[in-house]
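For reference, the structure is listed below as structure tokens.
The values are calculated or read from the model by the stated rules, or taken from the named source; none is laboratory data. What you see is a predicted model, and the numbers here were worked out from it, not measured in a lab. FYI the Cβ positions are ideal-geometry reconstructions off the backbone, even for glycines, and counts take in every protein chain you see. The protein model used for the area step is the full one, side chains on, heavy atoms only, and it has no ligands, DNA or RNA in it. Shrake-Rupley method; radii C 1.70, N 1.55, O 1.52, S 1.80 Å.
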Amino acid sequence: MRTFTDLTELERAVGQHLGYSSWHTITQEQIDLFAEATGDHQWIHLDIDKAARGPFGATVAHGFLTLSLLPMLTEEIYEVANLSMGVNYGANKVRFPAPVPVGSAVRAGVQLQSVTPASRGYQVVSMVSIEIDGQPKPACVVESVAVLVP
């Protein structure tokens, strides 16, 4: 975990790779619960037998499940001390280059792109890549935007 004492110190790290999270294994239970929460019951996520004969050879995580892991994974990578709050502001671009088969381990890497003053604090833009252990393509690549308030 990399800790920045304040937003000025974070700003000096623009352009740097901040590190990687630990690996997180995607389970069928997690996929099932995400399907229930979102109403996305497509067979490639839930039907184990049919998915085994399908294009990926197993059930796969929803793309948005993978994306939703960002807060959990990135909080392991860095923090800024002395903030009153930090909120997700959105994403400028999201892609899902590779499927995440059930049982795969994923981790996030963060490249800090910018830290700029905003009306309610500072807007922080990071390129986050969620990698799949042993796979050449990432599961998700996203330009993530947060607002950090001192």
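Rank PRO101, PRO117, PRO138 by mean-square fluctuation in a GNM of the chain with C-alpha springs under 10 angstrom and give only the top-ranked residue.
PRO117
Evaluate the range 1-57: find the radius of gyration of its Cα atoms, find its Kirkwood radius, and give the ratio Rg to Rh.
1.29
Quick one: among VAL100, VAL128, VAL14, which has the greatest mean-square fluctuation in a GNM of the chain with alpha-carbon springs under 10 angstrom?
Comparing VAL100, VAL128, VAL14 in a Gaussian network model of the chain, the most mobile one is VAL14.
Select from THR66, THR116, THR74 the residue whose mean-square fluctuation is largest in a Gaussian network model of the chain (Cα-Cα springs shorter than 10 Å).
THR116
With a probe of 1.4 Å, find how much accessible area the chain has per residue, and write the answer as a whole number in Å².
54
Over the chain, what percent of the accessible surface lies on carbon and sulfur atoms, probe 1.4 Å?
Carbon-and-sulfur percentage of accessible area, whole number: 52.
Using a 1.4 Å probe, how large is the accessible area of TRP43, given in Å² and rounded to the nearest 10?
Around 90 Å² of this residue is reachable by solvent.
If you take the square roots of the eigenvalues of the alpha-carbon gyration tensor of the range 51-95 and sort them as a ≥ b ≥ c, do you get rounded (a/c under 1.5), prolate (a/b over b/c) or oblate?
prolate
For the chain, place one equal point scatterer on every Cα, skip the solvent, and apply the Debye formula. What is log10 of I(q)/I(0) at q = 0.16, 0.19 Å⁻¹?
-0.85, -1.08
Would you mind getting me the FRET efficiency between VAL87 and ASP49? Use the beta-carbon distance for r and R0 = 25 Å, nearest 0.05.
Efficiency at R0 = 25 Å is approximately 0.05.
Which distance in nm do the two modelled labels at SER22 and LYS137 give, with both placed 7 Å along the Cα-to-Cβ direction?
Result: 3.0 nm between the two label points.
Not counting ligands, DNA or RNA, and with a 1.4 Å probe, what is ILE77's accessible surface area in Å² rounded to the nearest 10?
Accessible surface of ILE77 is approximately 0 Å².
Restricting to DSSP H runs of at least four residues, report the calculated mean residue ellipticity at 222 nm for the chain, -39500 (n - 2.57) per run over all residues, nearest 500 deg cm²/dmol.
So the helix-based figure for the chain works out to -5500 deg cm²/dmol.
If r is the Cβ-Cβ distance from GLN30 to THR8 and R0 is 35 Å, what FRET efficiency results, to the nearest 0.05?
0.35
When the gyration tensor of the range 82-150 is built from Cα positions, what are the square roots of 5 times its three eigenvalues, in whole Å, from largest to smallest?
Rounded to whole Å, the semi-axes are 28, 11, 9.
Residue by residue through the range 95-112, which ³J(HN,Hα) values in whole Hz follow from phi under the Karplus form 6.51 cos²θ - 1.76 cosθ + 1.60 (θ = phi - 60°), with glycine and proline marked x?
So the J values, rounded to whole Hz, are 9, 10, x, 9, x, 10, x, 3, x, 6, 9, 10, 8, 10, x, 10, 10, 6.
Expressed as an acute angle from 0 to 90° and rounded to the nearest 10, what is the orientation of the C-alpha long axis of helix 28-38 relative to the principal long axis of the chain?
On a 0 to 90 degree scale, this one is about 70.
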